[in-house]
Amino acid sequence: MIRYLLIEEERFEDAPFVGALVCAISCPMNCKNCFNKHLKGLEVKKASAEEIVDTIKRNPFHEGMILGGLEWSEQPDEMLDLAREAVSRDLKVMIYTGLTIEQFLHKVPDIRDLRGDIYLKYGAYHHDLPGYRSRYGVQLASRNQKILQYRSREEEYWFRAQ
Ligand code: SF4
């Protein structure tokens, strides 16, 4: 089962596609001025990966799934199950992490075996570094953060940062 806090439909700004945001259950980062404080403490829900993807696919505007809100690398197996289910049903996937790429791949090494249209936003939030709009059209919260479009291990994995 996947534990999550909420699903927010029709997000236009968080990914290079219209997607549903599925929020992880916790974040250990303690960034100053955390902009997701309001999520912490919400009731935890549970559903299978199939049920969550069913919910996302029911909305014809959805091209993909956004894994964000809090930190999915704290739930690596659940994150992989969800991402696998989504790409197997032709959804794009955007993953948000406050970790560096190296830290993220260390925690979720099997992400490299996934095939599909997958993006990773990485980097911690620094309130004193002004944000910017990436070339994918996504507004990033601080200047050090970047987005990578992902390819599987067989296709020479990560490439194209911004
Ligand atoms: S990574 Fe995001 S959710 Fe976590 S503490 Fe920092 S701003 Fe808040």
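Of all the residues in the stretch 115-151, those that are in contact (Cβ under 8 Å) with a residue 12 or more places away in the chain, in contact with a strand residue (DSSP E or B) (Cβ under 8 Å, 6 or more places away or on another chain) and of a type outside the set (Lys, Arg) number 18.
With respect to the conditions (1) more than 16 Å from the ligand (Cβ to nearest atom); (2) open to solvent by 80 Å² or more (accessible area, probe 1.4 Å), Lys32 falls short on a single one, namely (1).
Scan the stretch 39-60 for residues that are within 10 Å of the ligand (Cβ to nearest atom), part of a helix (DSSP H, G or I) and not aliphatic (A, V, I, L, M) and the total you get is 0. Kindly indicate whether any position in the stretch 79-86 is within 12 Å of the chain's Cα centre (by Cα), within 29 Å of Lys32 (Cα to Cα) and within 16 Å of the ligand (Cβ to nearest atom). Yes, that holds for at least one residue.
Of all residues in the stretch 1-15, those satisfying the criterion of being over 12 Å from the mean Cα position of the chain (by Cα) and open to solvent by 20 Å² or more (accessible area, probe 1.4 Å) are Met1, Arg3, Tyr4, Leu6, Ile7, Glu8, Glu9, Glu10, Arg11, Phe12, Glu13. Residues considered: Lys92, Lys57, Lys121, Lys107. Of these, the only one that is open to solvent by 50 Å² or more (accessible area, probe 1.4 Å), touching a Phe, Trp or Tyr at 6+ places or on another chain (Cβ under 9 Å) and modelled with pLDDT of 90 or more is Lys92.
The values are calculated or read from the model by the stated rules, or taken from the named source; none is laboratory data. The structure displayed is predicted, hence computed values, not measured ones. Here Cβ is always computed from backbone atoms with ideal geometry, including for glycine, and neighbour counts include all displayed protein chains. Quick note on the areas: whole protein, heavy atoms, side chains included, nothing else; ligands and nucleic acids left out. Shrake-Rupley method; radii C 1.70, N 1.55, O 1.52, S 1.80 Å.
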